[in-house]
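Colleague: Structure below; questions to follow.
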Amino acid sequence: MWTARHDLEERGVTIDGTYASEVFFAPDLDDQLVLGGLFTAEIDVELDKLVSRKLGRIHVSAFAIHGKGITEELMDIHGTSGNTAPKDLRVFEAWLDQPLGPATLRAGLLSADQEFVLADQGQTLLGATFGITSQFSANLLGPVYPVATPGLTGRYESERIDVRAGVYDGAQENSHGIPTAVGDSHLAIGEVEYAKAFMVGGWHHSERGNALYVVLDTEVVEGLGVFARAGYSTAGFVSTYIDVGIRATPGSWRPEDLISVGMAFARTETGAETVVEATYELQVRWLTIQPDVQLMMLPDRNALMFATRLTVAI
């Protein structure tokens, strides 16, 4: 099997899979122990190797989701886990990436949280908001994990300036990830990045309003990175959003491991919601072990949570 995978990669076909299982323990909640899991399968086809040098890349991904999360009881907007979603077997993204001179177009079934409002230095944290901000997901509802919609994005990358823009179907009508209709609304989003570290962007949804955001995401020195994001929305449940954090390696004795700490704040229609998280990612060949602690502070309650995620690369 492994020889066949290697041969396919040589021809431009890459098949990857991961399974992440996690357990959350929250002593102050009614549902103290919560289990969940996410299996991800991805196929990438490099058409320039397989068919013609003029063609780009095809990408297809799918999920098998089970279990539930602490957020179902807390009803917070930040999301205690970026993997938690309704139980389902579903398609996620399916697109063609096509270079056109200095620019690249991507068309198909797309999720905005794969290209926009991202801070790579925050990706180690388990909380959903450290992936795509809770302001984006709460105000727009999507397209974000686990739902993608038909869309078109473009990007131009240079040594100092990168420009990205996209337009998506603003509704999320689908069956197991496959669109069943095209909605009457649309989402347009764009951002400009300077020096691979600082971004300014904004979005417009034809039914859910506008927002502006800024992102700082950079490695300060080797092994130490920082991130910070802030957003202001003229409409929607979350008016103001801020998050900050750091990510570092523990030293030369474990250079493949990561330590990360983050904080996210959101001003909502019902009050302020804040989450603080600290995590350690231990890498053991094909296995990642990640203990985690979070403190969720909501207008009517606080919750302390302990978690562990195990991720197996297949």
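Colleague: Dividing the alpha-carbon radius of gyration of the chain by 2.2 N^0.38 Å (N being the number of residues), what value is obtained?
Modeller: That ratio works out to 1.00.
Colleague: Among the trypsin sites (Lys or Arg not before Pro) in segment 126-176, which ones are in a DSSP loop with at most 12 other Cβ atoms within 10 Å of the Cβ? Mind listing them? Don't skip to the answer; put the middle values down first.
Modeller: Numbers: sites: Arg155, Arg160, Arg164; in loops: Arg160.
Within segment 126-176, the qualifying trypsin sites (Lys or Arg not before Pro) (loop, at most 12 other Cβ atoms within 10 Å) are Arg160.
Colleague: Using packing as a proxy for protection, rank 298-306, 233-241 so that the peptide with the highest average count of other Cβ atoms within 10 Å comes first.
Modeller: Output ranking for 298-306, 233-241: 233-241, 298-306.
Colleague: How many angstrom lie between the C-alpha centres of segment 121-149 and segment 48-68?
Modeller: Between the Cα centre of segment 121-149 and that of segment 48-68, the gap is 21 Å.
Colleague: Taking the chain as a Gaussian network, where each spring joins two C-alpha atoms under 10 Å apart, which residue of Gly17, Gly170, Gly251 fluctuates the most?
Modeller: Gly251
Colleague: Stick to the Cα atoms of segment 205-314, pair each with every other, and give me the Kirkwood hydrodynamic radius in Å at one decimal.
Modeller: Working: mean 1/r = 0.0620 Å⁻¹.
It works out to 16.1 Å.
Colleague: Work out the FRET efficiency for Glu222 and Arg5 from their Cβ-Cβ distance, taking R0 = 45 Å, and round it to the nearest 0.05.
Modeller: On the way: r = 32 Å, r/R0 = 0.72.
It comes to 0.90.
Colleague: To the nearest 0.05, what FRET efficiency results for Asp48 and Asp162 with a Förster distance of 25 Å applied to their C-beta separation? Numbers along the way, then the final one.
Modeller: Working: r = 22 Å, r/R0 = 0.87.
The calculated FRET efficiency here is 0.70.
Colleague: With N set to the number of residues, divide the alpha-carbon radius of gyration of segment 1-121 by 2.2 N^0.38 Å and report two decimals.
Modeller: Normalised Rg, Cα atoms only: 1.36.
Every number in this text was worked out from the coordinates using simple rules, so none of it is lab data. Model, not experiment: these values are computed from the prediction. Here Cβ is always computed from backbone atoms with ideal geometry, including for glycine, and neighbour counts include all displayed protein chains.
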